[in-house]
Each structure stands twice: as structure tokens, then as C-alpha cells.
Amino acid sequence: MEWIFIRHGETKDNIGKVFAGWTDSELSETGKKQVKAAAKKLREELQSKDQIAIYSSPLNRTKILAEALEKELNQEQKPKKIQCTFVEDLKEVHFGIFEGLSQPDIEKIYPIEWQLLMENYGNYSIPEGETLEAFHHRVLKALEKIQGDGDEEETKVIVTHGGVVQSALIHFLDLPMESRWHFSIPNTGIVKIEVMKSFGILKSICPPTEL
């Protein structure tokens, strides 16, 4: 089974280096161009595939790319129309009270909470948010459900967030939690993983399509 993960286009919050997990960040002008380029690129790469399923985080920045990809893929003559399925558990980690703030702002407004996070990143629950551990298991629950849908010949396209792609990588490649920080996923970067039963093989990590 082939899995293709793609991160959403650049947002204004990405540019401002703002914590925006569940916040519906607006795409930047570059992000809008990235969406068009990425959707066309994937259509070209997937045109020979007969069985394709698209799953996406429901947040607006991912939804825009998922719907653009759905439209592009349905231009090809496929046995059946491709419809995206939106999955709540594919959302980015919830940063709680840090949402909408940059690191300097957080350190100024919430110095104690920031220090606690730095001391125990994986297990500290940001007030009104979630722990990294809880987020990771939420993502795994979604991936397991998706893996059970369709059959082994189906290509799964997951439109999501950088943190979700990191969780998928360490899960399928059987890596420890701290290994997630070795993977930097750019906006509209594409990650391909081949999964045979429970064994994952990293096929490629591609940068965004040149605009």
C-alpha cells in the first residue's frame, strides 16, 4: 500500500512563526500558488493509478489543497469519482493557550507554561491544549482507520500538517518519538511511504514544486 502525505500550502501564520495548530490560518499568496502547483504535480504522478483515496484534515488550509487535488484527479478517466474524506484526527497538535502567539510572545505572556513545555515537551499538556504524546496517538488512530479502508492496491493520499507527517514517519518507520525532530516537512512537501503489512519503507521526501 502506497501512502502519500502532503503538507498544506504556506500560511500567513507560517510566515509570522505563530503557533497555529487548530487555528484556521489564512493561506499566503505563495501558499495559494503552491496549492495549484502541488495539485497539478500529484495529478501527473497519479494518473496511472486506478485506485486512489484522499483523506484530509478538516482545517481550512488543508481543505483548500484537498479540494484542489480532488478536482485535478477527477479530470482523469478513473473507474469511479474520487471524493475526499475529512478526518478530525488528522488535525495538527492543539497548542491551547499558545494558539495565535509567536514564541517571544509566549515567553513574555506565559513564561511558566513555556518553561514547563521545554522541560517536558512530550508529556506536558499546554493549558486548553494537548500533549505531544496524546496528539501522536490521535494521529495513529486515524492512520489505522484509514489503513483498514479499501485494499492493498489503493494509494492513500493524506493532506495534512507537518506534525501529522512527522508522526506518520516515525510510526511507519518504527522510530522513537524523539526522531520526529529529524524530519522537517516544508509547505506542500510530499512524503511517500510504501507499507507492506506493518513494514514501512520511505520512498521519497520531495520539496515543494517550483513556482
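Miscellaneous remarks
- Among S25, I82, G100 the positive-end extreme of the charge dipole of the stretch 1-115 (Cβ point charges): I82
- Rounded if a/c under 1.5, otherwise prolate or oblate - the stretch 75-123, Cα gyration tensor axes: prolate
- Taking the Kirkwood radius as Rh and the Cα radius of gyration as Rg, the chain has a ratio of Rg/Rh equal to 0.97.
- Relative contact order %, the chain, counting alpha carbon pairs below 8 Å whose residues are six or more apart: 32 percent
- Against the chain, whose longest principal axis comes from its Cα atoms, helix 162-172 is set at around 70 degrees.
- Whole-number percent relative contact order across the stretch 14-105, with pairs defined as alpha carbons under 8 Å at least 6 apart: 46 percent
- Taking each residue as 0.36 nm, the span from E153 to N120 lengthens on full extension beyond its C-alpha to C-alpha distance by 7.8 nm.
- For the chain, a Gaussian network of Cα nodes joined below 10 Å ranks T85, T188, T62 by mean-square fluctuation, and the top entry is T85.
- Centroid-to-centroid, using Cα positions, the stretch 1-41 and the stretch 143-198 are 17 Å apart.
- With Cα atoms, 0 to 90° folded angle of helix 132-148 axis to the chain main axis: 10 degrees
- GNM top mover of L73, L116, L27 - the chain, alpha-carbon springs below 10 Å: L116
- Rounded, prolate or oblate (a/c below 1.5 giving rounded, otherwise prolate when a/b exceeds b/c) for the stretch 129-172 by Cα gyration tensor: prolate
- Top of P111, P58, P186 by mean-square fluctuation, Gaussian network on the chain, Cα under 10 Å: P111
- Of all DSSP beta bridges in the chain, antiparallel share, percent nearest 5: 50 percent
- Put a dot 7 Å past the Cα of E107, heading toward its Cβ, do the same for K32, and the two dots end up 3.5 nm apart.
- Rounded to the nearest 10 degrees, the angle from helix 60-73 to the longest Cα principal axis of the chain is 10 degrees.
Each value in this text was obtained by applying a stated rule to the coordinates, not by laboratory testing. Since this is a predicted model, take the numbers as computed values, not measurements. Positions of Cβ are generated from backbone atoms using ideal geometry, with glycine treated the same way; all protein chains shown enter the neighbour counts.
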